[in-house]
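K.L.:
Please find one structure pasted underneath; my questions will follow.
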Amino acid sequence: MRLNEQGHFFDESMPGAGTILVAHPSMHDPNFARTVVFLTVHNPAQGSLGVVVNRSLEKTLVEYDPELTDS
């Protein structure tokens, strides 16, 4: 365990924001089969948020979230 900038302990073996996760070939869940995820947020108490980087979207990001217009 280590202490982060906010003074919270965290486990170094757990993935954090900025980590790329690759689904193991034996994973049977079709939602994650052969998936690569860029983890953007990780909070042990609230969960994680990531972006699948190896699948195309049916819409643009702006169509999902208008706040992304300028990005």
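K.L.:
Just to be sure I understand, how many residues within region 19-71 are open to solvent by less than 100 Å² (accessible area, probe 1.4 Å) and among the polar types (S, T, N, Q)?
P.N.:
The qualifying residues number 9.
K.L.:
Using beta carbons and a limit of 8 Å, which pairs, at least six apart or on different chains, have the first residue in region 22-33 and free of Cβ contacts under 8 Å to residues at least 40 places away in the same chain and the second one in a loop (DSSP other than H, G, I, E, B) and of a type in the set (S, T, N, Q)?
P.N.:
Listed pairs, sorted by first residue: V22/T35; A23/T35.
K.L.:
I've got another one for you. For region 7-51, name all the residues that are of a type in the set (S, T, Y) and at pLDDT 90 or above.
P.N.:
Across region 7-51, the qualifying residue is only T35.
The values are calculated or read from the model by the stated rules, or taken from the named source; none is laboratory data. Small disclaimer: the values here were computed from a predicted structure and weren't measured. Counting neighbours? That spans all protein chains shown, and the Cβs are built from the backbone with ideal geometry, glycine included. These accessible areas exclude ligands, DNA and RNA; they are computed on the full protein's heavy atoms, side chains included. Shrake-Rupley method; radii C 1.70, N 1.55, O 1.52, S 1.80 Å.
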